[in-house]
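The values are calculated or read from the model by the stated rules, or taken from the named source; none is laboratory data. A quick note: this is a predicted structure, and the numbers were derived from the prediction, not measured. Positions of Cβ are generated from backbone atoms using ideal geometry, with glycine treated the same way; all protein chains shown enter the neighbour counts. Accessible surface is based on the protein model in full, side chains and every heavy atom, while ligands, DNA and RNA are left aside. Shrake-Rupley method; radii C 1.70, N 1.55, O 1.52, S 1.80 Å.
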Protein chains: 2
Amino acid sequence: MRTGTSRDVVVAGNGLIGLVTAWRAAQRGLKVTVVSRESRNAASGVAAGMLTPATEATFGEEPLMRFCVLSRDRYPAFIAELEGESRLHAGFRPNGTLQIAFDTDDLAKLTELSELQTRLGVKAERLTSRECRKLEPMLAPSVRGGIFAPDDHSVDPRMLADALWSAAERNGVVGVRDRVTELLTDGGRARGVRLESGGEINAEQVVLATGAWTPGIGGVPEGALPPLRPVKGQLLRLRMPENEPPIVSRTVRGLVKGSPVYLVPRADGEIVVGATQEELGYDTRLTAGGLWEVLRDAHELVPGVSELEVTETCVGLRPGSSGNEPLLGPTRLPGLHVAVGHFRHGVLLTPATGDAMAEVLAGGDLPDYARRFAATREFGSDRNE
Amino acid sequence: MRTGTSRDVVVAGNGLIGLVTAWRAAQRGLKVTVVSRESRNAASGVAAGMLTPATEATFGEEPLMRFCVLSRDRYPAFIAELEGESRLHAGFRPNGTLQIAFDTDDLAKLTELSELQTRLGVKAERLTSRECRKLEPMLAPSVRGGIFAPDDHSVDPRMLADALWSAAERNGVVGVRDRVTELLTDGGRARGVRLESGGEINAEQVVLATGAWTPGIGGVPEGALPPLRPVKGQLLRLRMPENEPPIVSRTVRGLVKGSPVYLVPRADGEIVVGATQEELGYDTRLTAGGLWEVLRDAHELVPGVSELEVTETCVGLRPGSSGNEPLLGPTRLPGLHVAVGHFRHGVLLTPATGDAMAEVLAGGDLPDYARRFAATREFGSDRNE
């Protein structure tokens, strides 16, 4: 296929980041094509959908955390607009997140986290063990204490992706089921993409939203893209028996002897339990050790999970950049943009990424809040800030 | 469908027991039809295929153990004949079984087992921890000791089923893809079966080899069949990376703090790891707790399993009778036979069951070695022996 007329924008990748970029750009009047093949390894289809910057806060990552908080705060209006345009339910559940500590060492780490949260200005209430169990009665009695983050919610990434597709199509976005194998350039700028089927799509602007798979796209000039690595995650989807109260009623994250685990319940009775974090390259094997680790920690926190049915096992590759921060907007090659490197924060950063990408695709600059994450920044020991 | 001519024998169920019965009966010149639908819950398709009476020996089950040993001893000739007739490889691996103990309590139980084995006259050598690791270098260093049973082998039940189908067909057995819903009787004797599709098959003799699902078949007169219950098992199939030495080279069974677990390697790199034993009725849900228990115990015995890919998760229902002994041959209803209740020993008891069933279907009596397991025996506190 070689399209007769050139498009304004071609987006490679139909994860949440690619879809939100397409939708937001189309809302600005741009003609957008999204090229992607469905893949069970797409991180968006695997992700649990926690919107939890308060409980993700990490020392040394304060600027990223501020970006996460900004994106989180945009979620309610983003969902309202998206559901209005798509006429689909996007699976947003605004019921807070409980983070709990299994032993005293875990509690010490949670106390440090709570101090960081205070410094970042995010709402998080320290709870005793008894208060945790009052919120979630199925927690193991041995739980030492926790933090309740009332503004950290969850969304179902699969429902969200469906809603984004629908909203994008209603705004004229065209979908192409194929894989981008190569960037096409002409006279020192991007001019389109080559497809696995052999066709080409011409476009004034190309956006790579291909997550951990981005380095596999050919034709990108040396130095135009910063390095990315895949960070493997394994998780399970469980199901509550019908007509029984949910085993947890909101997102529960825990530290179990230093090992992080989460349970994210959905309205339909599904519970996502995860996840490993493994640096193994492009390895998407489901492993005995990965399943065991997740099941062991979930069982320690909420013993009743043992009775739940396992409906699905999932493996995904998170796109990790140097410094674990996203890479947004124009690259050093004119006409080539990226929206990659969201690591563990892709779902959370979807609203803010869409806004920032639409702005640059419509001819503007990266908004202030996203400037730190410019794809043109230097990589090494120092960074442009 | 209503067959024009009546068949000599109709067998309900295409598990190993149904297939071996059909094959052996056809070898005697009987016209046999096997009725079955493929089911992922068929115990034969889930089973690991251990042929291990020596390491299964249980106090109070000596008569059953003697029957198991007899059937085990028939395996090599049975496989040779079957492979000759079917021209298929049946997946028999004659390389012994290592049973190991994880802690000192487990070792005490293994010592008792070893004494029982001696009494039953089955070959089993006591090994030190070091000798165990010499046989299987990937065992956890903490393993306390074990028993090597040189005559306890394994078979791949899926390959065995394929070979039995092929051999049965070459002997004229006809397969019907349907489900038997009801036994048909006439004048106080069985005359055939009704199918889910609405058809009927007439036969002089009916054999129910429908495992734990037998009680769901209608039309059986009160008291003709003894009670059966399903005993749920959950297990996993793992895969070795290609071109790497196997993580275990023979069947390894272990007791881990009283909890039994096994790893059964295949020639093609598959390793079956199992199994739970749960009394939950007709529950075939894969559960978080079931997976966790199997993975935990396997990991304790052979830590390297963590690195292996999980290729399949399986749930099956073992057919358990009162006393956990099989039920063979004629029932109290003339013309109705059963071959059910094999519990954890179905694969192992396949050769002896086939021989015994063919004998009665051809007009003879149950052989001496099978008489204790007659389906007409009394059920209660006493038994006919």
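The relative contact order of chain B comes to 24 percent, based on Cα pairs under 8 Å that sit 6 or more residues apart. For region B:4-73, which GluC sites (Glu not before Pro) are both in a DSSP coil and crowded by at most 15 other Cβ atoms within 10 Å? When the GluC sites (Glu not before Pro) of region B:4-73 are filtered for loop state and at most 15 Cβ neighbours within 10 Å, B:Glu38 remain. In region A:1-146, what percentage of the DSSP-assigned beta bridges are antiparallel, given to the nearest 5? Around 50 percent antiparallel, to the nearest 5.
For chain A, modelled as a GNM whose springs connect Cα atoms under 10 angstrom apart, the maximal fluctuation among A:Leu295, A:Leu30, A:Leu280 occurs at A:Leu280. For a test of the definition: using alpha carbon positions, the gyration tensor, and the 1.5 limit on a/c, classify region A:1-139 as rounded, prolate or oblate. The shape class here is prolate.
Between this copy and the others, label points of B:Thr181 are 5.3 nm apart in ascending order, each placed 7 angstrom from Cα in the Cβ direction.
For region B:1-92, a crude dipole built from +1 on the beta carbon of Lys and Arg and -1 on the beta carbon of Asp and Glu, taken about the Cα centre, is about 460 debye to the nearest 20.
Just the accessible area per residue of the protein assembly as shown, please: how many Å² with a 1.4 Å probe? Don't skip to the end; give the middle numbers.
Details: 30050 Å² over 770 residues.
On a per-residue basis, 39 Å².
The solvent-accessible area of B:Lys109, taken with every protein chain present and a 1.4 Å probe, is close to 100 Å². What you get for region A:133-279, charging only the Cβ of Lys and Arg (+1) and of Asp and Glu (-1), is a dipole of about 580 debye around the Cα centre. Pull out a ≥ b ≥ c, the square roots of the eigenvalues of the alpha-carbon gyration tensor of chain B, then state rounded if a/c is under 1.5, prolate if not and a/b is larger than b/c, and oblate in the remaining case. Since a/c reaches 1.5 and a/b is larger than b/c, the shape of chain B is classed as prolate. Check each of the trypsin sites (Lys or Arg not before Pro) in region A:298-385 and keep only those in coil by DSSP with at most 14 other C-beta atoms within 10 angstrom; list them in order. Here the sparse-neighbourhood loop sites are A:Arg332, A:Arg383.
Can you tally the net charge around B:Thr276? Count Lys and Arg as +1, Asp and Glu as -1, for every other residue whose Cβ sits under 9 Å from the Cβ of B:Thr276. Show your work: numbers first, answer last.
On the way: positive: B:Lys232; negative: B:Glu278, B:Glu293.
Residues close to B:Thr276 contribute a combined charge of -1.
Rounded to the nearest Hz, the phi-derived 3J(HN,Hα) couplings of region B:274-287 under the Karplus curve 6.51 cos²θ - 1.76 cosθ + 1.60 (θ = phi - 60°) are x, 8, 6, 9, 10, 9, 10, x, 7, 9, 10, 6, 6, 10, where x marks glycine and proline. Interface size, chains A and B: roughly 1600 Å² of accessible area buried, both sides included, 1.4 Å probe, rounded to the nearest 100. Distances between equivalent label points of B:Pro141 across the copies, with each point positioned 7 Å along Cα→Cβ, amount to 3.7 nm, shortest listed first. Counting only other chain Cβ atoms within 10 Å of each residue's Cβ, the peptide A:235-244 averages 1. Computed from backbone phi with θ = phi - 60° and the Karplus coefficients 6.51, -1.76 and 1.60, the 3J(HN,Hα) list for region B:138-148 is 8, 4, 4, x, 6, 4, 8, x, x, 10, 9 Hz; x is used for glycine and proline.
Note on chain B: dipole from Cβ charges, positive end direction compared against B:Ala224, B:Phe59, B:Val32; the farthest Cα belongs to B:Val32. Annotation: amide H of A:Asp152 within the under-5 Å range of A:Gly96, A:Thr97, sequence separation 5 or more or interchain, hydrogens built in the peptide plane.
Taking a straight line from the alpha carbon of A:Lys257, these lysines sit under 26 Å away, with near neighbours fewer than eight places off in the same chain left out: A:Lys109, A:Lys123, A:Lys134, A:Lys232, B:Lys257. Short-range pairs are left out: with C-alpha atoms under 8 Å and at least six residues apart, the relative contact order of region B:1-104 is 19 percent. The orientation-averaged projected area of the convex hull spanned by the Cα atoms of region A:274-385 comes to 9.8 nm². Comparing the full protein assembly with the isolated chain (1.4 Å probe, heavy atoms, ligands and nucleic acids excluded), the residues of region B:310-327 losing at least 40 square angstrom of accessible area are B:Val310. Rounded to the nearest 10 degrees, the angle from helix A:157-170 to the longest Cα principal axis of chain A is 30 degrees. Against chain A, whose longest principal axis is taken from its Cα atoms, helix A:104-120 shows a tilt of about 50°. Specify the inter-centroid distance of region B:92-130 and region A:288-330, based on alpha-carbon positions, in whole Å. That distance is 39 Å.
In degrees, nearest 10, range 0 to 90: what is the angle between the Cα axis of helix B:62-86 and the longest Cα principal axis of chain B? It is inclined by approximately 80 degrees. Identify, among B:Thr21, B:Phe102, B:Val9, the residue whose Cα sits farthest towards the positive end of the charge dipole of chain B, taking +1 on the Cβ of Lys and Arg and -1 on the Cβ of Asp and Glu, with the dipole about the Cα centre. Checking the options against the dipole of chain B, the answer is B:Val9.
Relative contact order of region A:305-385, taken over Cα pairs closer than 8 Å and 6 or more residues apart, is 27 percent. Summary: within chain B, the longest segment free of chymotrypsin sites (Phe, Trp or Tyr not before Pro) located in DSSP loops with at most 16 other C-beta atoms within 10 Å is B:60-281. Separation of region B:11-27 and region B:219-257, taken as the distance between their Cα centroids, equals 21 angstrom. Counting, for every residue in A:287-300, the Cβ atoms of other protein chains within 10 Å of its Cβ and taking the mean gives 6.
Over all directions, the average projected area of the alpha-carbon convex hull for region A:35-94 comes to how many nm²? Write out the running numbers ahead of the final one.
Numbers: hull surface 23.5 nm².
Over every viewing direction, the Cα hull of region A:35-94 projects on average to 5.9 nm².
Per-residue ellipticity at 222 nm computed for the protein assembly as shown from its helices equals -9000 deg cm²/dmol, with DSSP H segments shorter than 4 residues left out and the rest contributing -39,500 (n - 2.57). For the protein assembly as shown, build the charge dipole from Cβ charges (+1 Lys, Arg; -1 Asp, Glu) around the Cα centre, then report which of B:His337, A:Leu184, A:Val338 sits farthest towards its positive end. It is A:Leu184, whose Cα lies furthest towards the positive end. Dipole magnitude for chain B: about 440 debye, using +1 per Lys or Arg Cβ and -1 per Asp or Glu Cβ, origin at the Cα centre. Solvent-accessible area assigned to carbon and sulfur over region A:91-132 amounts to 49 percent, based on a 1.4 Å probe.
Springs between Cα atoms under 10 Å define the GNM used for chain A, and in it the highest mean-square fluctuation of A:Met357, A:Met50, A:Met159 occurs at A:Met159. When B:Ala267 is represented by a point 7 angstrom out along its Cα-to-C-beta vector, the spacings to that point in the other copies are 5.5 nm, nearest first.
Placing a label point 7 Å from the Cα of A:Asp73 along the Cα-to-Cβ direction, the residues of region A:43-58 with a backbone N closer than 14 Å are A:53-54. If you sort the three axes of the alpha carbon gyration tensor as a ≥ b ≥ c, you get a/c of 1.5 or more for region B:212-273 and a/b above b/c, which makes it prolate.
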